[in-house]
Amino acid sequence: MSSKPIADDRDQPATFSWTAESETRIGVILAKYPPDRQASAVLPLLDLAQRQHDNWIPLAAIDAIAARLGMARIRVLEVATFYTMFNLAPVGKWFLQACTTTPCWLRGSDQVMRCIKDKLGIGNHERTADGQFSLLEVECLGACVNAPILQVNDDFYEDMDYETTATLLASLKRGEQPAMGSMTGRQTSQSIAGPTSLTSLKDSDGVPPWYAGRTAAAGGGDD
Amino acid sequence: MPKLTVDGIEVEVPPGTSVLQACEAAGAEVPRFCYHDRLSVAGNCRMCLVEMEKAPKPIASCAFPASEGMVIHTKSEVARKAQKGTMEFLLINHPLDCPICDQGGECDLQDQAMAYGWHSSRYTENKRAVTDKYMGPLIKTIMTRCIHCTRCVRFATEIAGVSEMGMLNRGENAEITTYLENALASELSANVIDLCPVGALTSKPYAFVSRPWELKKVESIDVMDAVGSNIRIDARGQEVLRVLPRLHEDINEEWISDKTRYACDGLKRQRLDRPYVRRDGKLQPASWAEAFAAIATRLNGLKGSEIAAIAGDAVDAESMYALKRLMTALGSPNIDCRQDGARLGGGPRAGWLFNTTIAGIEDADALLLIGTNPRWEAALVNARIRKRWLRGRFPIGLVGQPVDLTYDYDHLGAGAQSLSEIADGSHRFAEVLKAAKKPMLVIGSGALARADGAAVLAAARAIAEGFGMIQPDSVDEDGETVAGWNGFNVLHSAASRVAGLDMGFLPGEGGADVAGILAGARSGAIKLVYLLAADEIDTEALGDAFVVYQGHHGDKGAHRADVVLPGAAYTEKDGLYVNTEGRVQMGFAATFPLGEAREDWKIVRALSDAVGHTLPFDDLVALRQALMAEYDTFAAIDTIEPAPWGAFGAAGALEEAPFGSPIENFYMTDPISRASKTMAECTEVFSLRRQPVATGTHG
């Protein structure tokens, strides 16, 4: 991990204004907090600004949020730099976040990283020249059972390896986004080898033992 | 009142006290970095870990409230091990560059590593490195040394009132910075240097200049404004190298303004180190005897009314008193100490003092500012107002120019019109003042240094009396004396002003004030003007008068002078100063006057001999005795006697013109700060808002 880059003056827009849609959202968000606790809305507003502005937050938006919430702008910037999910410099149209924390690493995240390097030529915190892709190496994405994970914008692609990463990148290059989820086709996070327990709901005589015991203890009734 | 045991000693502390404070009360020393008495508690350095019995692990004593029956050990095995461990972690990413670090010798980390650390490091990996940040012309940063205590962030946010500093990123990438590396725009910014427990924030002008043990330290009084901040002057040989704050709870607490701290490099430039006499239109070096002879010759045959004297803004009380005695002996009524032309003086002493006292601001519950910008005129008074304001329920109104004061206020109007409305109760702020139990007002020279100044003063007095700001001592039902309240305050910006007013350095019977002296000089009615370090007047307006300038800097006054008598700056003489509260304080010399220059009272005394009116004191003690015998307020060193109330000011028509501000540039207000290179840089960056352009020769 390294410090979060902040876009230099060349990339910073001079102004930032909320879209009508965002304004409506802001109204809903601010209504959740008492008048003197509006600063609590800083996280949702940063998220909103990022979604509105090509997945990154310009300093003009920091100013806008600070003014809106009555905070000092350094306080907003502190929050924006603290959380890794906020981008303060332009990112690609496809924002790749590859997890390299232990479970993903054990399951082959190095291959995912290598594939991205091979196919796109970018490393951590870098962006392709055409602005289509950028890569961020992240800590645990919280989906270790389906490791390794590659997050593309808001979607998780799971059970990645070199080949599936290559296929995914190729379709993204064409502008198509394949369905998210496991690349090996397993359902949610079930075992790779298929179900090993609870393969059927009931045992041979139709009532599971734990259920039968419960009805006996409660003296009948099945509620 | 919880009772707890610290290292076997039982202490009783007020509720809300932290364990760390309780330990201090019991005389136990607890190491700390992030904790500071005057800042909010952060609890992030973990150095203050102590053992609490029945607790599963050591506790951070700064953030843990003391409660009944606690048993604390600060020196037990557990506590020592925890402190040692914390210290080892802190040192992991702290460079071992003490030999080239300016904090060396006065570094909390260095000291505490000696007392609480390991003898050597077990860490063999690479240390992290952090890029240095720009924080302005005063603060040098070496951010690799930072241990993230956030004292500077809390100071900037809480005390200075500029939320410009913060900690970006997190974990091992955390970095302290100002927003986008702007200069920290506060008059108190350099206090973060004192607060920094390591060498991350050090003094830029003092970088690589000296080690603390090489310095002679003299405790003295500041003269850059009328607050009378307590300072320590650090000098090496003949050179004043730095000025640091000294604790005085009732005045500056432990802060000083950037001008107080950094104007001292102006003491090395533009100095007058020998007498000069104007011959053939040019100031030529002369001996003391020649200079005195030139004055004596010119004085010969002049009537008292043809002579005048103006005292400057930073002179000591003794020299003013000596000059007053000399002018009286010469028969001149034309003396004045109010260079700005403020219509103050005469009448009861309460009429020109900050009666509430600076510490008293914390007891007030409403404030009316009139024609003043306390942030520039007295940065530490402003800090105290902010301290009170942060506690809440402290409505503040301002009549005058709208300015950024680091706290919210209600802008009531620009000039005297609003003042009249408040006085007659028709203004909305009148209700606020009426509801307050201890309201106060602060009037500055922006409102008093004008033709109708006396009428404005009278209007302010009327408001003070009309809204219960003047409450005499009273006796309550139980027979206890309740201390009175005086909410009428004049905020001066000149260190010598109150002393001058106290000793009546004012026009005598039929005498002229500063404006009158200038007019007289122009018309020829006044033939000799004695400027005692007075530079803040329009020296061009002195006409053909013979000007004697006594002072320490070649500023405006010396340029116009016919005879220059080199005096001593405040760091070079013992002297009494009276701050805006009326508090008499004693300053001490840290170095000797430069070259042939002499202490100012000695010059006046020697001159009195040369002109045949020898003053009756031969040493400073005799002078002070005479001063104190004549004006007894000077005898009470560092004590405040409530000044008796009475009538002052003069009824009259108020002009409509908005109240002005006496200070245009905070960083340059007197000959010393105008000669200072550091103050010039501050002017560039903060007043003119020019970003410094780095050239090849920078750093």
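The values are calculated or read from the model by the stated rules, or taken from the named source; none is laboratory data. Because the structure is predicted, anything quoted here is derived from the model rather than measured. Backbone-built Cβ (ideal geometry, glycine too); neighbour counts: all protein chains shown. These area figures cover heavy atoms from the full protein model, side chains too; ligands, DNA and RNA do not enter into them. Shrake-Rupley method; radii C 1.70, N 1.55, O 1.52, S 1.80 Å.
In this model, which of B:K84/B:K204; B:K3/B:K84; B:K282/B:K527 are farther than 24 Å apart at the alpha-carbon? Long pairs (Cα-Cα over 24 Å): B:K84/B:K204; B:K3/B:K84. Interface A-B: total buried accessible area of about 1400 Å², 1.4 Å probe, protein heavy atoms only. Applying the Karplus relation 6.51 cos²θ - 1.76 cosθ + 1.60 with θ = phi - 60° to region A:124-138 yields 3J(HN,Hα) values of 4, 6, 10, 10, 5, 4, 7, x, 7, 10, 9, 10, 10, 7, 10 Hz, where x marks Gly and Pro. Note on chain A: Cα-Cα pairs beyond 29 Å make up 46% of the total pair count. Placing R0 at 35 angstrom, the Cβ-Cβ distance between B:H411 and B:T328 gives a FRET efficiency of 0.15 after rounding to 0.05. The local environment of A:Y83, defined by Cβ-Cβ distances under 15 Å, has a net charge of +1 under the rule Lys, Arg +1 and Asp, Glu -1. For A:C99, the residues whose amide H sits under 5 Å from its own are A:V138, A:I149, A:Q151, ignoring neighbours fewer than 5 places away on the same chain, with H placed 1.01 Å from N. Over region A:79-121, one equal point on each Cα, no solvent: what is log10 I(q)/I(0) by the Debye formula at q = 0.20, 0.21 Å⁻¹? For region A:79-121 at q = 0.20, 0.21 Å⁻¹, log10 I(q)/I(0) is -0.80, -0.85. The mean number of partner chain beta-carbon atoms within 10 angstrom of a residue's beta-carbon across peptide B:158-169 is 4.
Our note on the geometry: Cα centres of region B:466-536 and region B:577-607, 21 Å apart.
Close amide H partners of B:I370, meaning residues 5 or more places away or on another chain with modelled amide H under 5 Å apart, are B:V399, B:V442, B:I443, B:G444. Remark on B:I526: its backbone amide H falls under 5 Å from those of B:A521, a criterion applied only to residues 5 or more positions apart or on other chains, H modelled at 1.01 Å from N. Region B:58-122 and region B:197-223 have their alpha-carbon centroids 24 Å apart. Remark on region A:47-102: Rg and Dmax equal 12.5, 41 Å (Cα only).
By DSSP, the beta bridges lying fully in chain B are antiparallel in about 55 percent of cases. With +1 on each Lys and Arg Cβ and -1 on each Asp and Glu Cβ, and nothing else charged, work out how big the dipole of region A:20-82 is about its Cα centre, in Debye to the nearest 20. The dipole of region A:20-82 has a size of about 160 debye.
Take the solvent-accessible surface of the protein heavy atoms, probe 1.4 Å, and return the percent of it on chain A that carbon and sulfur atoms account for.
Solvent-exposed carbon and sulfur of chain A make up 54 percent of the total.
The Rg/Rh ratio for region B:623-675, using Cα coordinates for both the radius of gyration and the Kirkwood hydrodynamic radius, is 1.15.
What's the magnitude of the charge dipole for the protein assembly as shown around its Cα centre, counting Lys and Arg as +1 and Asp and Glu as -1 at the beta-carbon? Answer in Debye, nearest 20.
Charge dipole of the protein assembly as shown: 1660 debye, to the nearest 20.
Looking at region B:189-273, the chymotrypsin sites (Phe, Trp or Tyr not before Pro) that sit in a DSSP loop and have at most 10 other Cβ atoms within 10 Å of their own Cβ are B:F208. For chain B, the longest principal axis of the alpha carbon atoms and the long axis of helix B:514-523 meet at an angle near 40°. Taking packing as the residue-averaged number of other Cβ atoms within 10 angstrom, the listed peptides B:72-78, B:485-491 run from highest to lowest as B:485-491, B:72-78. Of interest is the spacing of the C-alpha centroids, which for region A:1-45 and region B:345-410 amounts to 36 Å. Across all Cα pairs in the protein assembly as shown, the calculated P(r) in 20 Å bins from zero up to the longest distance comes to 12, 34, 32, 15, 6, 1, 0 percent per bin.
Couplings 3J(HN,Hα) of region B:494-510, computed from phi: 10, 5, 9, 5, 5, 4, x, 5, 4, 9, x, 6, 9, x, x, 4, x Hz, in residue order, whole Hz [Karplus 6.51 cos²θ - 1.76 cosθ + 1.60, θ = phi - 60°; x for Gly and Pro].
Evaluating 6.51 cos²θ - 1.76 cosθ + 1.60 at θ = phi - 60° for every residue in region A:93-102, the Karplus couplings come out as 4, 9, 9, 8, 10, 9, 8, 10, 6, 2 Hz, glycine and proline recorded as x.
DSSP loop trypsin sites (Lys or Arg not before Pro) in region B:356-429 with at most 14 other Cβ atoms within 10 Å of their Cβ, which ones?
Sites meeting the loop and neighbour criteria: B:R391, B:R393.
Taking other residues whose beta carbon is less than 14 angstrom from the beta carbon of B:P593, and scoring Lys, Arg as +1 and Asp, Glu as -1, yields -2.
Only bridges whose two residues both fall in the protein assembly as shown count here: according to DSSP, what percent of them are antiparallel, nearest 5?
Close to 55 percent.
Rolling a 1.4 angstrom probe over the protein heavy atoms with all chains in place gives the protein assembly as shown an accessible area of 43 Å² per residue. The fraction of Cα-Cα pairs per 10 angstrom bin, counted from 0 for chain B, comes to 3, 14, 22, 23, 19, 12, 5, 2, 0, 0 percent, rounded to whole percents.
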